[in-house]
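Student: Quick one: this structure, given as structure tokens, is what I'll be asking you about.
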Amino acid sequence: MGSPPEPTVRPATASDADAVFRLLADFATTYRPDPDRFTTVTFPEVLRAAAEGRAEFLVAERTTQVIGYAYAARMPTLFAGGTVLELLELAVDTPLRGRGTGSRLVRAMQDRARHAQDVEITVPTRRAADFYRRLDFTETATYLKWPSPPPPPESPAPAR
């Protein structure tokens, strides 16, 4: 019996929602994904951002099963003199990790960044620095965040 076929990488589509949510639920450590919000807000917005060139959203599949995904946001910058692609999410089915799927997704992101003429790809990570170093990423900064609290119910959103 032969080995399973190599995964292929392609742009995510609306039909990938269930598989991506399953992977996201396993990947997320800080936030618990809400299935209703995912379906009605975040997944469609990520697809729209990718379609408009503001992001890259890829899936890896073996035969017809999605086994991994990568999502990166493209941001115009002043400091870099062009756009930076920030790889925000990379998830692979737990039993399939360590077999090259994550590397394949990252290399596909690198190809897309080259094609879009992004200045660089950045990756905020706590747990996977060694993985990214093996793919020629270098450590350059500490990543900090400020979690914005929700506004009080009676308070209107600020004007833009």
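Student: Failed condition for LEU96, given (1) surrounded by fewer than 14 Cβ atoms within 10 Å (Cβ to Cβ); (2) closer than 21 Å to ARG134 by Cβ; (3) modelled with pLDDT under 95, with all others met?
Tutor: If we test LEU96 against (1) surrounded by fewer than 14 Cβ atoms within 10 Å (Cβ to Cβ); (2) closer than 21 Å to ARG134 by Cβ; (3) modelled with pLDDT under 95, just (1) comes out false.
Student: Could you figure out which of (1) farther than 17 Å from MET109 by Cα; (2) charged (D, E, K, R); (3) touching a Phe, Trp or Tyr at 6+ places or on another chain (Cβ under 8 Å) isn't true of GLU56?
Tutor: Result: GLU56 passes all but (1).
Student: Pairs please, first residue from the range 8-31 and more than 20 Å from PRO124 (Cβ to Cβ), second anywhere and among the basic types (Lys, Arg) and surrounded by 14 or more Cβ atoms within 10 Å (Cβ to Cβ), Cβ atoms under 9 Å, 6+ apart in sequence or on different chains.
Tutor: Qualifying pairs under 9 Å: THR8/ARG62; THR8/ARG104; VAL9/ARG104.
Student: Somewhere in the range 44-65, is a residue among the small types (Gly, Ala, Ser), under 17 Å from PHE131 (Cβ atoms) and at pLDDT 95 or above? Spell out the reasoning first.
Tutor: Looking only at the range 44-65, we keep the residues that are among the small types (Gly, Ala, Ser), and these are 49-51, 53, 55, 60.
Narrowing the set further to residues that are under 17 Å from PHE131 (Cβ atoms) leaves 60.
Checking the rest, the ones that are also at pLDDT 95 or above come to 60.
Checking the range 44-65: at least one residue is among the small types (Gly, Ala, Ser), under 17 Å from PHE131 (Cβ atoms) and at pLDDT 95 or above.
Student: What are the pairs with Cβ atoms under 9 angstrom where one residue, in the range 131-150, is closer than 21 Å to ALA113 by Cα and the other, located anywhere, is among the acidic types (Asp, Glu) and part of a loop (DSSP other than H, G, I, E, B)? Sequence gap at least six, or different chains.
Tutor: The qualifying pairs are TYR132/GLU139; ARG133/GLU139.
Student: Continuing with the same structure: Is at least one residue of the range 131-154 surrounded by 13 or more Cβ atoms within 10 Å (Cβ to Cβ) and among the polar types (S, T, N, Q)? Quick ask: steps written out before the conclusion?
Tutor: Of all residues in the range 131-154, those surrounded by 13 or more Cβ atoms within 10 Å (Cβ to Cβ) come to 131-132, 135, 137.
Pick out the ones that are also among the polar types (S, T, N, Q) and you get none.
Checked against the condition, which is being surrounded by 13 or more Cβ atoms within 10 Å (Cβ to Cβ) and among the polar types (S, T, N, Q), the range 131-154 yields no hits at all.
Student: Still on this structure, please answer the following. Across the range 84-96, what is the total count of residues that are out of contact with any strand residue (DSSP E or B) (no Cβ under 9 Å at 6 or more places or on another chain) and not hydroxyl-bearing (Ser, Thr, Tyr)?
Tutor: If we filter the range 84-96 for residues that are out of contact with any strand residue (DSSP E or B) (no Cβ under 9 Å at 6 or more places or on another chain), which is where we start, we get 94-95.
Now narrow it down to the ones that are not hydroxyl-bearing (Ser, Thr, Tyr): 95.
Counting residues in the range 84-96 that are out of contact with any strand residue (DSSP E or B) (no Cβ under 9 Å at 6 or more places or on another chain) and not hydroxyl-bearing (Ser, Thr, Tyr) gives 1.
Student: Name every residue in the range 111-125 that is farther than 12 Å from THR140 by Cβ and touching a residue at least 24 places away in the same chain (Cβ under 8 Å), in order of residue number.
Tutor: Result: ARG112, ALA113, ALA116, GLN117, ASP118, VAL119.
Student: In the range 85-107, how many residues are over 12 Å from the mean Cα position of the chain (by Cα) and within 21 Å of ALA12 (Cβ to Cβ)?
Tutor: Kept after step one, since they are over 12 Å from the mean Cα position of the chain (by Cα), are these residues of the range 85-107: 93-101, 103-104, 107.
Narrowing further to those that are within 21 Å of ALA12 (Cβ to Cβ): 93-94, 96-97, 99-101, 103-104, 107.
Result for the range 85-107: 10.
Student: Consider only pairs whose beta carbons are under 6 Å apart and that are at least six residues apart or on different chains; among these, list those whose first residue lies in the range 49-68 and is without any contact (Cβ under 8 Å) to a residue 60 or more places away in the chain and of a type in the set (Val, Ile, Thr) and whose second residue is buried (at least 21 other Cβ atoms within 10 Å of the Cβ) and not in a strand (DSSP E or B).
Tutor: VAL59/ALA12
The values are calculated or read from the model by the stated rules, or taken from the named source; none is laboratory data. Note that the structure is predicted; figures quoted are calculated from it, not measured. Please note: Cβ atoms are built from the backbone with ideal geometry, for glycine as well, and neighbour counts cover all protein chains shown.
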